[in-house]
1. As a footprinting exposure proxy, order 103, 65 by other Cβ within 10 Å, with the fewest listed first.
2. Please order 128, 117 by the number of other Cβ within 10 Å, starting at the fewest.
3. Counting other beta carbons within 10 Å of each residue's own, what order do 108, 85, 68 fall into, fewest first?
4. How many nm is it between the label spots at residue 131 and residue 12, if each spot is 7 Å from the Cα in line with the beta carbon?
């Protein structure tokens with residue numbers, strides 16, 4: 001929407017893709033220029049789930065009842081695989097690198113933004129009585145599967161097995177566990193209702 005009003009906000013798809021994948025520690029920051037300079041790091045540091053940006057950027061005239069969001073995650077470590085701090089006596093090196101090859105500081109930055117977005121958006125839709133208009137799908141991964149810097153054959157094969165959502169791989173959606181077919185059917189029905197109401 002901003003690109004229609006401001007040409008500096010209409011960069012090439014190549015620049016967008018490189019900029020959005022410039023995850024700190026893993027890849028260098030990315031610079032490009034349109035009519036202004038852009039110095040980018042991965043947006044996931046602040047907004048790993050773009051649903052908030054979608055909500056903020058929507059036109060004010062849009063009827064909130066007509067807003068339906070299907071937010072597809074790329075996978076997150078299961079709760080049981082989250083950070084364990086032990087005695088809590090950590091130095092800088094402990095925050096950057098653990099014996100299990102995890103990177104706690106980056107994990108915290110990425111997951112905190114994602115979880116806050118999920119809480120914010122789901123609460124808005126629940127508060128307005130429109131919880132059926134927002135669905136977040138996120139596959140449970142092991143900590144090892146979620147490592148961004150493991151391109152080994154074993155990990156790639158493991159990720160290929162995960163790529164199909166199943167009931168056991170979905171996090172709770174709302175208050176119940178649902179399978180993907182039911183979720184998509186429910187969203188489709190909601191979109192049909194909105195279209196018929198026009």
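Every read-out reported here was derived from the displayed coordinates using simple, explicitly stated rules and does not represent laboratory data. Keep in mind that what you see is a predicted model, and the values were worked out from it rather than measured. Note that we place each Cβ from the backbone using ideal geometry, even for glycine, and neighbour counts take in every protein chain shown.
1. On the way: 103 19, 65 14.
Result, fewest neighbours first: 65, 103.
2. 128, 117
3. Ordered from fewest to most neighbouring Cβ atoms within 10 Å, 108, 85, 68 come out as 85, 108, 68.
4. 4.7 nm
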